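Visitor: Dropping the structure in here first, questions after.
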Amino acid sequence: MAYTTINKPSDYFNTVLYTGNNSSPRTITGVGFQPDMNWSKIRSEANDHWVSDAVRGANKIIRPNGTNDELVNGSGGYISSFNSDGYVIASGSANNNNFNKSSGTMVSWNWKAGTSFTNDASGTGIGSIDSAGSFNNDSGFSIVSYTGTGTAGTIKHGLSTAPSMIIAKMRNSAEDWGVYHKSLGASKYINLNTTNAVESSTSRWNGVEPTSSVFSVNNHAAINGSSNTYIAYCFAEKKGFSKFGSYTGVNSITDNSFIYLGFSPAWVMIKKTNGTNDWGIFDNKRNSFNPTGLALDASNSNAESVNGTIDMLSNGFKVRSDSGLTGDGEYIYMAFAEAPLVGSNNVPCTAR
C-alpha cells in the first residue's frame, strides 16, 4: 500500500501571498484550485482575520479573532466570488483594508472541499440535526452548515472518517468559536478566538467523540443554541497530508520538542492548552527558510511578528524557541503538508 494517496498536497491546501493595490475588483490567482474555504489576513498591520467559504457564500465573512457575528459585504472589503484558480476581491463601502489595502502585504490560506451534500436527519436516520455542506474525502475536509436546536444531538459531517478537529462558529450572533481536538477529547473544549487554556466541560461536544458519520453537540449557545445558525469546519487526519496531535514543550532552544508528521509541513497552527497563549500560525510561504519565526496569531488582530520559532523539516517540525508561542507547556497542533515524506510515486521529500 502506498504511504499516501496525495502526492501533491497543494491540490487541496495552498498558501498565497500578494501585495494590496487598492483596485476593485481584483482577481487573486495561484491557488491552484477553487477554494471552498479562504482564511485571509493582512500581515503588515493590525486588522482582523477573515474567513469566507463557498457554503455560506463568498461575500460572508467571520473573524477567527473575535466573537462577532457574520458580516455580509464587509465595509473594509470582501471576497465577491471564488473561481477555478482563486477568488475575486471587491472594495467595501468604506475602504479596501480587509483584503487589498494599498501596499499592504497579504496572506491567504485556502482549502478545497468541493462535493455538496444535504442531510435530512429524520429521513436518512443519520444524525438528529439536519445539515448541509461540502466535503472532500481525499483530503479529509468538510464544511458543515446547520441550525441549532437547543437540545443535545448529532450532525452529519459529510466525511467517511471521524474528524480529528472541528472548528465551529455561530453565524447570527456574537459568541466564541468552539474547537474540538482529538488530543483533548469531547469532554473538553478550547476557543479559537481567545488565549484561554482548555476547559473541562461537556457543554460543547457532549462528551461524545465524533464517528465516521456524525459529530455530537450539546446545548451551549456557541455550538447549538435554539434556532441559531452555525458553520463548522471539520478536518480528518490523512496520512502524508494532515496531522492533528499534541506535544510537551520545554524551556530549551537546543533540545525542545520534535514533532513527527510524516510530511514536510506547509502550514502549522499551535496552541498551548495549559496556559494563556495565542494560536500561532506558521507557513512555508511567509517563511522560506529555517528557523521559521514569522507568526500570525489566530486569536488576535496583530501584524505578523517573530513570536516563537520552529524548523520545518522533511518529516515534521522542531521547536526552536523557549518563549512566545512555543515555550514550555502542553500544546495541540494542526498541520498540513507541503510534500509527503514519500508519495505513492516513491519520490522522497527533502529538507529545506
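The values are calculated or read from the model by the stated rules, or taken from the named source; none is laboratory data. On a predicted model such as this, the values are computed, not experimentally measured, just so you know. Here the Cβ positions follow ideal geometry from the backbone for every residue, glycine too, while neighbour counts run over all protein chains shown.
Visitor: For residues that are assigned to a strand (DSSP E or B), surrounded by fewer than 19 Cβ atoms within 10 Å (Cβ to Cβ) and of a type in the set (A, V, I, L, M, F, W, C), tally how many sit in region 72-95.
Guide: 2
Visitor: Let me ask something else about it. State whether the residues of region 190-199 include one that is farther than 20 Å from residue 274 by Cβ and either touching a residue at least 12 places away in the same chain (Cβ under 8 Å) or not charged (D, E, K, R) (or both).
Guide: So the first thing to find is which residues in region 190-199 are farther than 20 Å from residue 274 by Cβ, and the list is none.
So far as region 190-199 goes, no, none of its residues is farther than 20 Å from residue 274 by Cβ and either touching a residue at least 12 places away in the same chain (Cβ under 8 Å) or not charged (D, E, K, R) (or both).
Visitor: Please indicate, with yes or no, whether at least one residue in region 220-241 is in contact with a Gly (Cβ under 7 Å, 6 or more places away or on another chain), surrounded by fewer than 22 Cβ atoms within 10 Å (Cβ to Cβ) and more than 29 Å from residue 61 (Cα to Cα).
Guide: yes
Visitor: Sticking with this structure for a sec: Across region 118-131, which residue is farthest from residue 230 (Cα to Cα) among those that are in contact with a Ser or Thr (Cβ under 7 Å, 6 or more places away or on another chain) and part of a strand (DSSP E or B)?
Guide: Selected residue: 119.
Visitor: Could you say which residue among 101, 41 is under 22 Å from residue 299 (Cα atoms) and surrounded by fewer than 23 Cβ atoms within 10 Å (Cβ to Cβ)?
Guide: On the way: 41 fails: surrounded by fewer than 23 Cβ atoms within 10 Å (Cβ to Cβ).
When all the criteria are applied, what remains is 101.
Visitor: Now, a different point. Confirm whether residue 330 is modelled with pLDDT of 90 or more and either closer than 21 Å to residue 15 by Cβ or not in a strand (DSSP E or B) (or both). Full working, then the answer.
Guide: Numbers: modelled with pLDDT of 90 or more: yes; either closer than 21 Å to residue 15 by Cβ or not in a strand (DSSP E or B) (or both): no.
In short, no.
Visitor: Does region 264-273 include one or more residues that are outside the structural domain of residue 41 (by TED's automatic domain parsing), of a type in the set (A, V, I, L, M), closer than 30 Å to residue 130 by Cα and within 20 Å of the chain's Cα centre (by Cα)? Can you show your working first?
Guide: So the first thing to find is which residues in region 264-273 are outside the structural domain of residue 41 (by TED's automatic domain parsing), and the list is 264-273.
Then drop every residue that is not of a type in the set (A, V, I, L, M), which leaves 266, 268-270.
Still in the list and also closer than 30 Å to residue 130 by Cα: none.
Within region 264-273, not a single residue is outside the structural domain of residue 41 (by TED's automatic domain parsing), of a type in the set (A, V, I, L, M), closer than 30 Å to residue 130 by Cα and within 20 Å of the chain's Cα centre (by Cα).
Visitor: If we keep just the residues of region 296-322 that are of a type in the set (Ser, Thr, Tyr) and not in a loop (DSSP other than H, G, I, E, B), which is surrounded by the most Cβ atoms within 10 Å (Cβ to Cβ)? Don't jump to the end; show me each part of the working.
Guide: Of the residues in region 296-322, the ones of a type in the set (Ser, Thr, Tyr) are 299, 301, 305, 309, 314, 321.
Among the residues that remain, those that are also not in a loop (DSSP other than H, G, I, E, B) are: 305, 309.
Details: 305: 13, 309: 24.
Selected residue: 309.
Let's see how each residue does on (1) in a strand (DSSP E or B); (2) at pLDDT 95 or above; (3) among the polar types (S, T, N, Q):
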residue	(1), (2), (3)
244	yes, yes, no
277	no, no, yes
281	yes, yes, no
285	no, yes, no
288	no, no, yes
294	yes, no, no
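Visitor: Kindly indicate the residue of region 247-268 that is out of contact with any Phe, Trp or Tyr (no Cβ under 6 Å at 6 or more places or on another chain) and assigned to a strand (DSSP E or B) and also surrounded by the fewest Cβ atoms within 10 Å (Cβ to Cβ) among those meeting that condition.
Guide: Step one: list which residues in region 247-268 are out of contact with any Phe, Trp or Tyr (no Cβ under 6 Å at 6 or more places or on another chain), which gives 248, 250-256, 258, 260-264.
Filter once more, so that each one left must be assigned to a strand (DSSP E or B): 248, 258, 260, 263-264.
Numbers: 248: 11, 258: 14, 260: 13, 263: 30, 264: 22.
Going through the qualifying residues, I end up with 248.
Visitor: One residue is enough: does region 59-69 have a residue meeting the conditions in contact with a Pro (Cβ under 6 Å, 6 or more places away or on another chain), modelled with pLDDT of 95 or more and closer than 17 Å to residue 281 by Cβ?
Guide: Initial filter on region 59-69 (in contact with a Pro (Cβ under 6 Å, 6 or more places away or on another chain)): none.
Within region 59-69, none of the residues are in contact with a Pro (Cβ under 6 Å, 6 or more places away or on another chain), modelled with pLDDT of 95 or more and closer than 17 Å to residue 281 by Cβ.
Visitor: Which of the residues that make up region 65-99 are in contact with a Gly (Cβ under 9 Å, 6 or more places away or on another chain) and closer than 16 Å to residue 54 by Cβ?
Guide: Matches in region 65-99: 72, 78, 85, 86, 89.
Visitor: Condition check: out of contact with any Gly (no Cβ under 6 Å at 6 or more places or on another chain) and either at pLDDT 95 or above or within 22 Å of residue 111 (Cα to Cα) (or both). Does residue 317 satisfy that?
Guide: Working: out of contact with any Gly (no Cβ under 6 Å at 6 or more places or on another chain): yes; either at pLDDT 95 or above or within 22 Å of residue 111 (Cα to Cα) (or both): yes.
For residue 317, the condition - out of contact with any Gly (no Cβ under 6 Å at 6 or more places or on another chain) and either at pLDDT 95 or above or within 22 Å of residue 111 (Cα to Cα) (or both) - is met.
Visitor: Further question on the same structure: Taking residue 183 as the residue in question, decide whether it is outside any helix (DSSP H, G or I) and within 21 Å of residue 35 (Cβ to Cβ).
Guide: Numbers: outside any helix (DSSP H, G or I): yes; within 21 Å of residue 35 (Cβ to Cβ): no.
Considered against the rule, which asks whether it is outside any helix (DSSP H, G or I) and within 21 Å of residue 35 (Cβ to Cβ), residue 183 comes out as no.
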